[in-house]
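> Okay, here's the structure, questions in a sec.
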Amino acid sequence: MEKKKNIFICLILTLALGIILLPFFFSKDEKGGNYSNSKWTHEITVKDGTVTPGSTTTDFTIARDGNYRISYGWLPEGTDKNKIMELGPSDAHFLTVIQIFDSKGEQLFSTCAGYLFADTVMDLPAGQYSAVYTYFTDSDSFMEFAKENLCPARQAGQLAQDMGFENFGGDAVVRINYEMTWRASGEDPVFALWIFVIILLILTIVVFLAVSKKNEDYDERQQLERGRAYCLGFMTILICMFLAITIDALELLPVQGYVLYAVSIFPGVMAFVTYCVWHEAYFSLREKEKSLLIIFGIIGAINLVISITAILEGRLGVNGRPGTSILNLACAVMFLELFLVVFLKKIRTSKETDEED
């Protein structure tokens, strides 16, 4: 027992050390040309329906070709971007349009809102780019601008109407905080940190369970059923991986590749655990279901809360494509399904025991 405890403590210390050291390895990305964060403040005056200045521009450089996550935003000075939903349209005073142009003047992206903090993903070659912010207080001028820059003429009127210009205007002097960040999508240190922590945590648990359990903890029937479960889980993962590769290669769904590949692992785990639990081969002769019910329930509930929060805050997708938050939803579904399987099996076993008595 003492040996198992020491092994578990060593694994936990290794996990903690990895979490502490990882940010130092990824800090170099913020010093290179694949990451940059610009923040600035403008004082903008609205007087008799006229915005001064009428627009502002910021330039940025992409060092090498790649897939980039561009984060952008404009908020009143002192406003927390996580509380943007608390701001009302009437607080904006003017509508802002952001456009991103390449060095040839070709527009690559545009969006508009009173206040905004969001991001998008784009494939960008190395070169110079500009982000132009333009301000409007009336629908007519915005509609003329939209016809030339944002959408077909037949849609400009509807877009101007949807923007709700009755909420804008009013004399004011507003200080707006701007933020512009561009980062190579595959080199996001925060995303990499979470992936590293999750993988290391899973490995920690797997290694501990592998070391702490012995073959004699299972009888011959259980070992046979576990072998079948391993085959079922392995084949399920292979099939899901094949489907993920096909979907990604043919672009059948608007889902980022790494999300597809990560999600494809979950069905295999679910198949293995479900088969083992239902055939009474998951728990060894010395284990009880109660502890696993608690673990599955807690992990499932935590991930479900994270997923709901992401949905409410609009973080479940990026530019119309499911992002990393979808993994929390998949994890919640998996653990809650496993919780339900263990719970139903426990009820069934109790009924069978009662009938035998």
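The values are calculated or read from the model by the stated rules, or taken from the named source; none is laboratory data. On a predicted model such as this, the values are computed, not experimentally measured, just so you know. With ideal geometry, Cβ positions are generated from the backbone for all residues, glycine too; neighbour counts draw on all protein chains shown.
> Could you identify the single residue in LEU159, LEU116 that is under 16 Å from LEU75 (Cβ atoms) and assigned by TED's automatic domain parsing to the domain that holds THR56? Steps first, please.
Working: LEU159 fails: under 16 Å from LEU75 (Cβ atoms).
Just a single option satisfies the conditions, and that option is LEU116.
> Which numbered condition trips up LYS83, out of (1) free of Cβ contacts under 8 Å to residues at least 12 places away in the same chain; (2) of a type outside the set (Asp, Glu); (3) closer than 21 Å to PHE136 by Cβ?
(3)
> If you check ALA244 against the conditions, is it farther than 13 Å from TYR282 by Cα, without any contact (Cβ under 8 Å) to a residue 60 or more places away in the chain, exposed (fewer than 12 other Cβ atoms within 10 Å of the Cβ) and not assigned by TED's automatic domain parsing to the domain that holds TYR68?
No, not satisfied.
> Where the second residue is in a strand (DSSP E or B) and acidic (Asp, Glu) and the first is in contact (Cβ under 8 Å) with a residue 40 or more places away in the chain and loosely packed, with under 15 Cβ neighbours inside 10 Å and lies in the stretch 100-129, which pairs have Cβ atoms under 9 Å and are six or more apart or on separate chains?
Qualifying pairs under 9 Å: PRO125/ASP102; GLY127/ASP102; GLN128/ASP59; GLN128/ASP102.
> Something else now. Give SER55, SER90 a once-over and let me know the one that is at pLDDT 90 or above and within 22 Å of THR137 (Cβ to Cβ).
After ruling out the rest, the residue left standing is SER55.
> Across the stretch 112-133, which residue is farthest from PHE60 (Cα to Cα) among those that are touching a Leu at 6+ places or on another chain (Cβ under 9 Å) and assigned to a strand (DSSP E or B)? So that I can check it myself, show each step before the final result.
Taking the stretch 112-133 and keeping what is touching a Leu at 6+ places or on another chain (Cβ under 9 Å), we get 112-117, 122, 124, 129.
If we keep only those that are assigned to a strand (DSSP E or B) as well, we get 112-113, 116-117, 122, 124, 129.
Working: CYS112: 20, ALA113: 22, LEU116: 20, PHE117: 18, MET122: 14, LEU124: 12, TYR129: 5 Å.
It comes out as ALA113.
> Within the set of pairs 6 or more residues apart or between chains, which connect a residue that is farther than 10 Å from VAL342 by Cβ inside the stretch 291-305 to a residue that is part of a helix (DSSP H, G or I) and of a type in the set (S, T, N, Q) with Cβ atoms less than 6 Å apart?
Correct list of pairs: ASN303/ASN328.
> In the set THR79, THR56, which member is in contact with a Phe, Trp or Tyr (Cβ under 9 Å, 6 or more places away or on another chain) and either surrounded by fewer than 16 Cβ atoms within 10 Å (Cβ to Cβ) or assigned to a loop (DSSP other than H, G, I, E, B) (or both)?
Checking each option against the conditions leaves just THR79.
> Among the candidates GLY257, GLY268, single out the residue that is modelled with pLDDT of 80 or more, in the same structural domain as LEU344 (by TED's automatic domain parsing) and surrounded by 13 or more Cβ atoms within 10 Å (Cβ to Cβ).
Details: GLY257 fails: modelled with pLDDT of 80 or more.
That would be GLY268, the only listed residue that is modelled with pLDDT of 80 or more, in the same structural domain as LEU344 (by TED's automatic domain parsing) and surrounded by 13 or more Cβ atoms within 10 Å (Cβ to Cβ).
> Can you tell me which residue among ILE19, ILE98, ILE70 is in contact with a helix residue (DSSP H, G or I) (Cβ under 7 Å, 6 or more places away or on another chain), β-branched (Val, Ile, Thr) and either at pLDDT 80 or above or not in a strand (DSSP E or B) (or both)?
Criteria check complete, one pass: ILE19.
> Among the candidates ARG175, ARG154, which residue alone is surrounded by fewer than 19 Cβ atoms within 10 Å (Cβ to Cβ), free of Cβ contacts under 8 Å to residues at least 24 places away in the same chain and not aliphatic (A, V, I, L, M)?
ARG154
> Is the stretch 278-300 home to any residue that is surrounded by fewer than 16 Cβ atoms within 10 Å (Cβ to Cβ), modelled with pLDDT of 85 or more, basic (Lys, Arg) and under 23 Å from LYS345 (Cβ atoms)?
The answer is no; no qualifying residue exists.
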